[in-house]
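The values are calculated or read from the model by the stated rules, or taken from the named source; none is laboratory data. Everything quoted here is computed from the prediction, not taken from an experiment. Don't worry about glycine lacking a Cβ; one is built from the backbone with ideal geometry, like all the others, and counts go over all protein chains shown.
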Amino acid sequence: MYIKAISAISPQLTYGDEYVQGDFQIHTKGIINAIEPNYLAIIPASLLRRMGKAVRMGIGAGLPLIKNYPAIDGVIIGTANGGLEDCIRFLNQIVDYEEGVLTPTNFVNSTPNAVAGQLALMGEKMGYNSTHTNGSLAFDNALLDAKLVLESSDKPMELLVGAVEEISDYNYNIDTLNKHYKTESISNEDLISSTTDGSLCGEGATMFVVSNEKEGAIAEVVDQFQICFPENDEIAPLIVDFLSKNKLTPQAIDLLLFGNAGDGRTDFWYNNLQKEVFPNLAIHTFKQFCGDYRTASAFACYQAIQLMQKHSIHGFEGQQPTTILVYNQFSGERHGFILLRKLPLAMKMEH
Amino acid sequence: MDISRDDLKIEFKQHLITYLNLLDVKVDDIKDDESLFGGDLGLDSIDSVEMIVLLDREYGIKIKNPTEGRQVLVDVNTIVDYIIANRTK
Amino acid sequence: MRKVFITGMGSISSLGLTVEEQLKKLRSGQSGIGKVNHFQSVYSESLPFAEINASDEELKAITGFAEKGITRTTLIAIKAFQEAIADSRLTPAQISHTRTAFISSSTVGGMCYTDALYTDANNKGEISEFYSSYEGSNHTLQIVKQFKLKGYTDTINTACSSSANAILLGARLIQSGRADRAIVGGADCLAKFTVNGFNSLRILNEQPCKPFDEHREGLTLGEGAAYLVLEAENVIENKPLYAEVKGFGNANDAFHPSATSDDARGPLKAMRDALSTAGLQPSAIDYINAHGTGTVNNDETESFAFMELFGTAIPAFSSTKGYTGHTLAAAGALEAIISVLSIQNNEIYPNLNFSTPIAGRGLIPVTNLKQGVEIKNVLSNSFGFGGNGTSLIISKVD
């Protein structure tokens with residue numbers, strides 16, 4: 001499966017050129033919010049008024065790609081939680097108004113498939129449409145689903161694949177109960193080197209145009225792998241095996257883009273894998289840019305492709321990788337690996 | 001409840017903008033006799049349910065029957081008349 | 001491409017705790033819709049529901065899983081999962097094999113206890129035991145953990161077509177050679193969240209739903225879980241093949257967030273794609289298990305789609321939601337199992353509560369149990385919010 005174009009709304013200035021020119025946005029408030037564009041330039045006011053944050057970020061990142069790639073047939077989204085803000089707003093209505101007369105908009109927005117549904121609606125895409133909600137593997141699942149759809153087509157085909165996650169006060173509260181976030185004040189700049197418990201909450205929408213056609217593509221999704229609840233020593237041999245299935249040795253990987261989150265409890269997963277399988281490679285990280293959220297591996301893929309394009313990403317000066325391994329996990333439960341390879345074509349900027 | 005019909009219209013339009021989250025729409029943009037559905041505001045069936053919620057929460061009016069809803073939710077004039085006649089708060 | 005066979009089934013719904021119990025009710029025409037005993041809501045008295053006849057505590061006893069924080073969604077999912085793997089006689093080694101995939105689905109997921117979530121999300125009061133169970137995929141994670149699954153796992157939420165898409169994806173994984181075996185399905189339990197959601201859209205019927213009837217006034221919510229074991233033809237050793245997953249189509253209506261188009265373009269595309277992947281003509285379909293929710297919009301559109309696709313030769317069809325209510329994410333898998341039962345037993349289970357055909361459509365579903373009819377190919381439809389629609393073709397094994 002090949003990637004033809006990418007787009008992101010994230011806590012960095014990814015909607016313009018700043019991010020690929022080395023800009024780094026510092027967030028000090030504990031929650032790393034996405035920097036959202038002026039949606040009225042993309043989304044009619046009559047539709048925007050009904051959209052929660054997850055939906056509007058998804059449309060904001062995805063619709064320009066749909067417009068630029070009219071051959072896109074269908075839409076596949078990964079989101080662990082979808083429009084949680086609307087979800088809990090609706091839930092609060094249920095309790096506060098004792099199941100009385102309630103407004104439906106929050107309910108309609110709260111369903112995780114609202115993003116893929118709205119993209120299909122606004123982009124008039126009647127082809128394959130699905131939404132994966134499998135926690136920190138949801139984006140990985142969306143990618144594999146896309147691959148299966150593309151393989152089943154004997155004609156050239158394009159799909160929009162992506163991930164969306166939003167922060168709301170509510171999931172922040174729930175994740176805080178689950179001790180996912182740091183209690184001390186820390187900037188995203190210092191996140192990765194932290195060793196205390198928890199991380200910083202992030203959010204964003206990341207979209208990809210994928211195709212079964214190599215022509216016009218900038219990168220290839222070579223393969224992917226997942227495992228749940230692994231034993232500590234289980235991952236290293238599985239990754240060696242995974243690489244060899246793709247006719248690669250660990251030495252063939254030239255950049256590791258790992259989901260280290262500055263979480264003293266779970267970063268060992270990344271560090272152990274590096275030590276055991278890639279002793280000659282340093283770990284590079286992406287969560288200082290986007291924060292920690294379940295589908296952050298989509299942002300990692302976005303960043304990996306920008307690096308392949310030799311863009312000057314902050315802290316990655318001089319790197320020109322061609323084969324990148326993305327690894328992300330959440331709470332040590334679900335672990336996902338995505339192997340990406342550069343293709344010779346240079347990317348057009350999509351905005 | 002001592003509010004003039006004109007003030008009630010303004011109040012209702014403000015509620016309408018809030019409840020329906022009408023971006024870029026101001027009170028003066030909504031004409032009293034302009035059809036709310038199928039007109040410039042671009043409202044649809046979900047908005048009609050949102051308006052029923054508005055009438056319930058702001059004016060204590062319960063509309064159960066969708067047919068009754070369609071007769072009332074025509075334009076600002078018809079709704080305001082209905083509020084004056086039926087409000088319980 | 002490798003053929004994909006169904007070798008095991010497990011389900012739980014208002015009709016019963018096992019496939020066998022449910023089959024008895026399907027035959028005797030007894031609906032699972034009625035007054036609730038367990039679900040607590042303002043609407044418990046005033047609206048009919050299709051509730052599973054077991055409390056959370058009873059489900060914990062039946063399944064043997066009583067961990068703190070376990071939700072009703074997870075409990076019913078485990079119950080159906082246990083039945084499916086036992087029915088297919090899968091060994092622990094096969095269940096934990098890296099080439100065994102598990103694809104589940106849910107819409108309400110772990111949010112089934114609205115009041116606990118309210119407290120935890122708003123930081124109001126004591127932390128509930130469910131604080132780490134709210135994710136839509138929590139039931140999947142629990143099953144993966146408890147049954148030591150090591151293969152590909154996924155959770156889908158495409159609203160009311162969710163578990164139909166789980167079946168589709170499982171079939172594709174097997175066809176592509178990425179898995180040899182896939183346990184696929186979904187689970188959703190009654191929750192204030194969905195009851196009030198559908199109620200706010202004014203599509204809940206105050207009477208048991210009447211699919212395809214002129215005087216239908218909306219759907220009846222139900223709860224259920226259903227899983228099927230799919231296996232590649234070359235890994236099956238001496239076990240009965242229930243049916244084959246022969247075709248599937250997934251299309252988006254791209255019309256409205258919560259309604260289907262008048263010209264049924266999405267549903268039609270899904271059905272046509274299903275026929276074409278199965279390599280079948282419309283005339284090869286012997287029975288349609290319709291989506292048939294009983295809402296004004298769905299049944300009108302679906303009827304139109306049948307007329308467009310089949311012309312005057314519309315196959316026997318029924319919606320079984322008059323039995324089970326609408327079980328949301330579980331519906332696609334639950335109805336796929338009902339489709340398999342039709343194929344195995346040469347019978348069609350009726351569309352309950354029907355009396356008058358829809359004006360201008362005139363379509364009459366099967367209203368009495370039909371026996372002794374050979375069913376070779378079943379078309380099973382699932383359509384949902386977000387324009388999502390999936391059609392499956394389940395066929396008798398040649």
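Out of C:Ala290, C:Ala278, C:Ala274, report the one residue that is surrounded by fewer than 24 Cβ atoms within 10 Å (Cβ to Cβ), touching a residue at least 60 places away in the same chain (Cβ under 8 Å) and touching a strand residue (DSSP E or B) at 6+ places or on another chain (Cβ under 9 Å).
On the way: C:Ala290 fails: surrounded by fewer than 24 Cβ atoms within 10 Å (Cβ to Cβ); C:Ala274 fails: surrounded by fewer than 24 Cβ atoms within 10 Å (Cβ to Cβ).
Going through C:Ala290, C:Ala278, C:Ala274 in turn, just one is surrounded by fewer than 24 Cβ atoms within 10 Å (Cβ to Cβ), touching a residue at least 60 places away in the same chain (Cβ under 8 Å) and touching a strand residue (DSSP E or B) at 6+ places or on another chain (Cβ under 9 Å): C:Ala278.
If I go through region A:39-52 residue by residue, how many of them are more than 11 Å from every other protein chain (Cβ to nearest Cβ) and at pLDDT 95 or above?
Our first condition is that a residue be more than 11 Å from every other protein chain (Cβ to nearest Cβ); within region A:39-52, this holds for A:41-42.
Restricting the remaining residues to those that are at pLDDT 95 or above gives none.
Result for region A:39-52: 0.
For C:Ile394, indicate whether it is farther than 13 Å from C:Ser319 by Cβ, assigned to a strand (DSSP E or B) and touching a residue at least 24 places away in the same chain (Cβ under 8 Å). Walk me through how you get there before you give the answer.
Working: farther than 13 Å from C:Ser319 by Cβ: yes; assigned to a strand (DSSP E or B): yes; touching a residue at least 24 places away in the same chain (Cβ under 8 Å): yes.
Here the answer is yes, as C:Ile394 does meet what is asked.
Identify all residues within region C:182-217 that are in contact with a Leu (Cβ under 7 Å, 6 or more places away or on another chain), assigned to a loop (DSSP other than H, G, I, E, B) and surrounded by fewer than 24 Cβ atoms within 10 Å (Cβ to Cβ); write none if there are none. Spell out how you get there, then give the answer.
As a first pass, look at region C:182-217 and keep what is in contact with a Leu (Cβ under 7 Å, 6 or more places away or on another chain): C:182, C:184-185, C:188, C:190, C:193-196, C:198, C:200, C:203-206, C:209, C:212.
From what's left, assigned to a loop (DSSP other than H, G, I, E, B): C:190, C:203, C:205-206, C:209, C:212.
C:Ile203, C:Asn205, C:Glu206 - these are the residues of region C:182-217 that are in contact with a Leu (Cβ under 7 Å, 6 or more places away or on another chain), assigned to a loop (DSSP other than H, G, I, E, B) and surrounded by fewer than 24 Cβ atoms within 10 Å (Cβ to Cβ).
Taking A:Glu166 and the conditions (1) more than 28 Å from C:Ser261 (Cα to Cα); (2) touching a helix residue (DSSP H, G or I) at 6+ places or on another chain (Cβ under 6 Å); (3) surrounded by fewer than 24 Cβ atoms within 10 Å (Cβ to Cβ), which numbered condition does it fall short on, given that it satisfies the others?
So the condition that A:Glu166 fails would be (3).
Looking at C:Ser395, C:Ser391, which one is under 27 Å from C:Glu214 (Cα atoms) and crowded, with 17+ Cβ neighbours inside 10 Å? Before you say what the answer is, go through the steps one by one.
Working: C:Ser395 fails: under 27 Å from C:Glu214 (Cα atoms).
One residue alone meets the criteria, C:Ser391.
Please enumerate the residues belonging to region C:147-171 that are more than 10 Å from chain A (Cβ to nearest Cβ) and surrounded by fewer than 24 Cβ atoms within 10 Å (Cβ to Cβ).
The answer is C:Phe147, and nothing else.
Considering only residues that are in a strand (DSSP E or B) and within 18 Å of A:Ala217 (Cβ to Cβ), which ones fall in region A:308-351? First the steps, then the outcome.
Step one: list which residues in region A:308-351 are in a strand (DSSP E or B), which gives A:323-330, A:334-342.
If the condition is that a residue be in a strand (DSSP E or B) and within 18 Å of A:Ala217 (Cβ to Cβ), then A:Thr323, A:Ile324, A:Val326, A:Ile338, A:Leu339, A:Leu340, A:Arg341, A:Lys342 are the ones that fit.
Kindly check whether there is at least one residue in region A:125-133 that is at pLDDT 95 or above, more than 24 Å from A:Ile43 (Cα to Cα) and facing chain C (nearest Cβ under 9 Å). If you could, list the steps in order and put the result at the bottom.
So the first thing to find is which residues in region A:125-133 are at pLDDT 95 or above, and the list is A:125-133.
Within this subset, residues satisfying the condition of being more than 24 Å from A:Ile43 (Cα to Cα) are A:132-133.
Remaining after also requiring facing chain C (nearest Cβ under 9 Å): A:132-133.
Yes, there is a match, as at least one residue in region A:125-133 is at pLDDT 95 or above, more than 24 Å from A:Ile43 (Cα to Cα) and facing chain C (nearest Cβ under 9 Å).
Quickly run through region A:77-103 and pick out the residues that are surrounded by fewer than 24 Cβ atoms within 10 Å (Cβ to Cβ) and more than 7 Å from every other protein chain (Cβ to nearest Cβ).
Hits for region A:77-103 are A:Glu85, A:Arg89, A:Gln93, A:Asp96, A:Tyr97, A:Gly100.
Rundown of residues vs (1) more than 17 Å from the chain's Cα centre (by Cα); (2) among the aliphatic types (A, V, I, L, M), yes/no style:
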{"residue": "C:Thr220", "(1), (2)": "no, no"}
{"residue": "C:Leu230", "(1), (2)": "no, yes"}
{"residue": "C:Asn234", "(1), (2)": "yes, no"}
{"residue": "C:Asp286", "(1), (2)": "yes, no"}
{"residue": "C:Ala290", "(1), (2)": "no, yes"}
{"residue": "C:Glu308", "(1), (2)": "yes, no"}
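Out of curiosity, is C:Glu374 charged (D, E, K, R), away from chain A (no Cβ under 14 Å), buried (at least 24 other Cβ atoms within 10 Å of the Cβ) and within 17 Å of C:Tyr287 (Cα to Cα)? I'd like the intermediate steps shown before the answer.
Details: charged (D, E, K, R): yes; away from chain A (no Cβ under 14 Å): yes; buried (at least 24 other Cβ atoms within 10 Å of the Cβ): no; within 17 Å of C:Tyr287 (Cα to Cα): yes.
No; evaluated as a whole, the condition is false for this residue.
Enumerate the pairs (first residue in region C:41-60 and away from chain A (no Cβ under 14 Å) and buried (at least 17 other Cβ atoms within 10 Å of the Cβ); second residue anywhere and part of a strand (DSSP E or B) and of a type in the set (S, T, N, Q)) with beta-carbon separation below 8 Å, excluding pairs fewer than 6 apart on the same chain, so at least 6 apart or on different chains.
Sorted first by the residue in region C:41-60, then by its partner, the pairs are C:Ala50/C:Ser13; C:Ile52/C:Ser13.
Is at least one residue of region B:14-24 in a loop (DSSP other than H, G, I, E, B), loosely packed, with under 14 Cβ neighbours inside 10 Å and not hydroxyl-bearing (Ser, Thr, Tyr)? Before the answer, list the steps.
Applying the first criterion (in a loop (DSSP other than H, G, I, E, B)) to region B:14-24 yields B:20-24.
Keeping just the survivors that are loosely packed, with under 14 Cβ neighbours inside 10 Å gives B:24.
Restricting the remaining residues to those that are not hydroxyl-bearing (Ser, Thr, Tyr) gives B:24.
Yes, some residue in region B:14-24 is in a loop (DSSP other than H, G, I, E, B), loosely packed, with under 14 Cβ neighbours inside 10 Å and not hydroxyl-bearing (Ser, Thr, Tyr).
Take the residues in region B:53-71 that are part of a helix (DSSP H, G or I) and modelled with pLDDT of 90 or more, then tell me which one is nearest to A:Val101 (Cα to Cα).
The first filter runs over region B:53-71 and keeps only residues part of a helix (DSSP H, G or I), leaving B:53-59, B:66-71.
Cutting the leftovers down to modelled with pLDDT of 90 or more gives us B:53-59.
Working: B:Val53: 6, B:Leu54: 9, B:Leu55: 10, B:Asp56: 7, B:Arg57: 8, B:Glu58: 12, B:Tyr59: 13 Å.
Per the criteria, the residue is B:Val53.
When you scan region A:114-130, do you find a residue that is in contact with a Phe, Trp or Tyr (Cβ under 6 Å, 6 or more places away or on another chain), part of a helix (DSSP H, G or I), crowded, with 24+ Cβ neighbours inside 10 Å and touching a residue at least 60 places away in the same chain (Cβ under 8 Å), even just one? Break it down stepwise before answering.
The first filter runs over region A:114-130 and keeps only residues in contact with a Phe, Trp or Tyr (Cβ under 6 Å, 6 or more places away or on another chain), leaving none.
Looking through region A:114-130, none of the residues is in contact with a Phe, Trp or Tyr (Cβ under 6 Å, 6 or more places away or on another chain), part of a helix (DSSP H, G or I), crowded, with 24+ Cβ neighbours inside 10 Å and touching a residue at least 60 places away in the same chain (Cβ under 8 Å).
State whether the residues of region A:160-168 include one that is within 9 Å of another protein chain (Cβ to nearest Cβ) and farther than 19 Å from A:Gly62 by Cα. Spell out how you get there, then give the answer.
Within region A:160-168, the first condition is being within 9 Å of another protein chain (Cβ to nearest Cβ), and the residues that meet it are A:168.
Now restrict to residues that are farther than 19 Å from A:Gly62 by Cα: A:168.
Yes, because at least one residue in region A:160-168 is within 9 Å of another protein chain (Cβ to nearest Cβ) and farther than 19 Å from A:Gly62 by Cα.
Residue by residue through region C:75-114, note down the ones that are over 20 Å from C:Gly8 (Cα atoms) and either modelled with pLDDT of 95 or more or assigned by TED's automatic domain parsing to the domain that holds C:Gly386 (or both). Give the derivation first.
Kept after step one, since they are over 20 Å from C:Gly8 (Cα atoms), are these residues of region C:75-114: C:106-114.
Passing the criteria: C:Ser106, C:Thr107.
Collect the residues in region A:323-351 that are of a type in the set (Ser, Thr, Tyr) and modelled with pLDDT of 95 or more, keeping them in residue-number order. Quick ask: steps written out before the conclusion?
Here is the first cut: in region A:323-351, the ones of a type in the set (Ser, Thr, Tyr) are A:323, A:327, A:331.
Correct list: A:Thr323, A:Tyr327.
Give region B:27-66 a look and list any residue that's polar (S, T, N, Q) and more than 12 Å from every other protein chain (Cβ to nearest Cβ), or say none. Walk me through it before giving the result.
Taking region B:27-66 first, the residues polar (S, T, N, Q) are B:35, B:45, B:48, B:65.
Across region B:27-66, the qualifying residue is only B:Ser35.
Only one of C:Ala116, C:Ala164 is on the phi < 0 side of the Ramachandran plot and free of Cβ contacts under 8 Å to residues at least 40 places away in the same chain. Can you tell me which? Even if it seems obvious, please write down each step before you answer.
Values: C:Ala164 fails: free of Cβ contacts under 8 Å to residues at least 40 places away in the same chain.
Every option except C:Ala116 fails the conditions.
Just to verify a result, which residue in region A:257-284, among those that are in contact with a strand residue (DSSP E or B) (Cβ under 6 Å, 6 or more places away or on another chain) and within 16 Å of A:Leu307 (Cβ to Cβ), is surrounded by the most Cβ atoms within 10 Å (Cβ to Cβ)?
For region A:257-284, the residue satisfying everything is A:Gly259.
What residue, of A:Asn68, A:Asn106, is more than 8 Å from chain C (Cβ to nearest Cβ) and either under 25 Å from C:Tyr43 (Cβ atoms) or basic (Lys, Arg) (or both)? Lay out the reasoning, then the answer.
On the way: A:Asn68 fails: either under 25 Å from C:Tyr43 (Cβ atoms) or basic (Lys, Arg) (or both).
Matching residue, one of A:Asn68, A:Asn106: A:Asn106.
Quick one: which residue in C:Arg89, C:Arg99, C:Arg72 is among the basic types (Lys, Arg) and buried (at least 24 other Cβ atoms within 10 Å of the Cβ)? Outline the logic, then answer.
Working: C:Arg89 fails: buried (at least 24 other Cβ atoms within 10 Å of the Cβ); C:Arg99 fails: buried (at least 24 other Cβ atoms within 10 Å of the Cβ).
Just one listed residue meets the conditions, C:Arg72.
Mind checking which residues of region C:112-132 are of a type in the set (Ser, Thr, Tyr) and within 10 Å of another protein chain (Cβ to nearest Cβ)? I'd like the intermediate steps shown before the answer.
We begin by selecting, within region C:112-132, every residue of a type in the set (Ser, Thr, Tyr); these are C:113-114, C:118-119, C:128, C:131-132.
Passing the criteria: C:Thr114, C:Tyr118, C:Thr119, C:Ser128, C:Tyr131, C:Ser132.
Looking at (1) under 30 Å from A:Tyr2 (Cβ atoms); (2) more than 20 Å from the chain's Cα centre (by Cα); (3) within 14 Å of chain C (Cβ to nearest Cβ), find the lone condition where A:Lys179 falls short.
Status for A:Lys179: all satisfied but (1).
Scan region C:223-267 for residues that are outside any loop (DSSP other than H, G, I, E, B) and either among the charged types (D, E, K, R) or buried (at least 22 other Cβ atoms within 10 Å of the Cβ) (or both) and report the count.
Initially, region C:223-267 is screened for residues outside any loop (DSSP other than H, G, I, E, B), giving C:224-235, C:243-252, C:265-267.
Filter once more, so that each one left must be either among the charged types (D, E, K, R) or buried (at least 22 other Cβ atoms within 10 Å of the Cβ) (or both): C:224-231, C:233, C:243-252, C:265-267.
Result for region C:223-267: 22.
What do you reckon, is A:Ala138 within 24 Å of C:Gly185 (Cα to Cα), assigned to a helix (DSSP H, G or I), within 7 Å of chain C (Cβ to nearest Cβ) and under 18 Å from the mean Cα position of the chain (by Cα)?
Working: within 24 Å of C:Gly185 (Cα to Cα): yes; assigned to a helix (DSSP H, G or I): yes; within 7 Å of chain C (Cβ to nearest Cβ): no; under 18 Å from the mean Cα position of the chain (by Cα): yes.
Against the criterion (within 24 Å of C:Gly185 (Cα to Cα), assigned to a helix (DSSP H, G or I), within 7 Å of chain C (Cβ to nearest Cβ) and under 18 Å from the mean Cα position of the chain (by Cα)), A:Ala138 does not qualify.
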